[in-house]
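Here the structure is laid out as structure tokens; the discussion comes afterwards.
Values in this text are rule-based calculations from the coordinates and carry no lab data. Worth saying up front: this structure is predicted, and the values here are computed from it rather than measured. All Cβ positions, even for glycine, are placed from backbone atoms using ideal geometry, and neighbour counts span all protein chains on display.
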Amino acid sequence: MTDSVRPDVLIAFVAMMAVTVAARVGGFWVMRYIPITPRVRRMLDALPGSIIVAASLPMVVSGGVVVIIAIVAAMTVTIIRRNDFVAVIVGMAVAALARALGFSG
Amino acid sequence: MKSSDHLHQPAFWSRDAIGPGIYAIAPMLPGTAAFGLAFGALCAQKQFSLTEVELMMAIVYGGLSQFVAVQSWPDHLTVSTIATLALLTATVNLRFALMSASLRPWFGTLPPWQAYPAMLLVTDGGWLAASRYRDHGGANAWFFVGGGLVLYVVWLVSSVPGFLLAEQLADPKKYGVDLVMPAFYAAMLVPAWKGARRAIPWAVAGMVALVLHRFVAGDWFIIGGAIAGSITAGLLDD
């Protein structure tokens, strides 16, 4: 039966949806009650870069040689070409190539 | 003129930002599709039906959280195992709350019935592209919504071939798929660089994230690091 939905699975999906929607809407909603002073604005402005660094730095550090080389390659491409698309493709290709050559990570 | 003045410009809707919005998230599309492919393949191995997979893709719409949940999917769903799945999903997706919070100064100027549905489109890639657009003075809401809708549709469609081809993509790392998000992040940081002083919060975020990643299980390092960086920016005077 490839087209059936099990009731218990549906309930689990709805629970996962509920917490995810709460996160997406919740952050936006909370900021309604926090006046956007210059300080709060500085905090919000710093959030994107902080999320980027916090999400990727541990992965880069624990990812080993392959990930570090791939990230450096992607950033180098961005500095030279300013093209996100090429940067992502180069990052993936470098990692795939390094792994094919037997490097781990 | 202070550098943050343009951020006060209220949001508006004009369709001429749909094209640029889609163009901005275009680098994400191959990675999103590859991720969806791999996820569809994983679900096929875990005995989900195709309808179930599509349902999850459509209503949860959080790639990483879905991956983690399906990886640790229990043999028997009970109240407590479903609660565990929900908790797992919440910790992985808590970063969406920070992302939508950062969109408040922009989308908060729209009527709530427009702003709240738009927040349902918050994803790493869509939010990142929109943040950069806003940072460069953009205010057109279609930029975020147009790109977000395309990401959503590509995400929905991508899992179907993966599900049907299951075995072919069993190891996405072989193709560097796990590098899509980090590489995109790295590419985003380069133009965001505005001198060492503006990068102090980033350094704090990175340090706190590294420590949390080392000593605390789960995905708390993203939330903890991001909040630490944000607080640092709040403490620094302009």
Within the stretch A:19-39, the residues whose backbone N lies under 16 Å from a label point placed 7 Å from the Cα of B:A83 along the Cα-to-Cβ direction are A:19
How many nm separate the modelled label positions at B:W113 and B:K173, each set 7 Å beyond the Cα in the direction of the Cβ?
-> 5.0 nm
Order of B:H213, B:H76 from fewest to most other C-beta atoms within 10 Å?
-> B:H76, B:H213
Per DSSP loop assignment and a cutoff of at most 16 other beta carbons within 10 Å, chain B keeps its longest run without exposed chymotrypsin sites (Phe, Trp or Tyr not before Pro) at B:14-192
Which value does Rg/Rh take for the stretch B:193-238 over its C-alpha atoms, Rh per Kirkwood?
-> 1.04
Shielding by partners, peptide B:228-237 (average Cβ within 10 angstrom, other chains) | 6
Histogram of C-alpha separations across the stretch B:16-178, 5 Å bin width, % = 2, 9, 17, 19, 18, 15, 11, 7, 3, 1, 0
Within 10 Å of the Cβ of an average residue in B:219-227, the count of other chain Cβ atoms is 5
Based on the Cβ-Cβ distance from B:W13 to B:A58, what FRET efficiency comes out when R0 is 25 Å, to the nearest 0.05?
-> 0.50
Sorted by Cβ neighbour density within 10 Å, fewest at the top, the residues A:R82, A:R41, A:R24 = A:R82, A:R41, A:R24
Simple SL model, points at 7 angstrom along Cα→Cβ for A:I68 and A:N83; separation in nm is 2.9 nm
Roughly how tilted is helix B:50-59, in degrees to the nearest 10 and between 0 and 90, from the longest Cα axis of chain B?
-> 20 degrees
Report, in debye and to the nearest 20, how large the dipole of the protein assembly as shown comes out about its Cα centre when Lys and Arg carry +1 and Asp and Glu carry -1 on their Cβ.
-> 940 debye
Kindly write out, for the stretch A:26-41 in residue order, the coupling ³J(HN,Hα) from the Karplus curve 6.51 cos²θ - 1.76 cosθ + 1.60 (θ = phi - 60°), rounded to whole Hz, with x marking Gly and Pro.
-> x, x, 4, 5, 4, 5, 5, 9, 10, x, 8, 6, x, 5, 4, 5
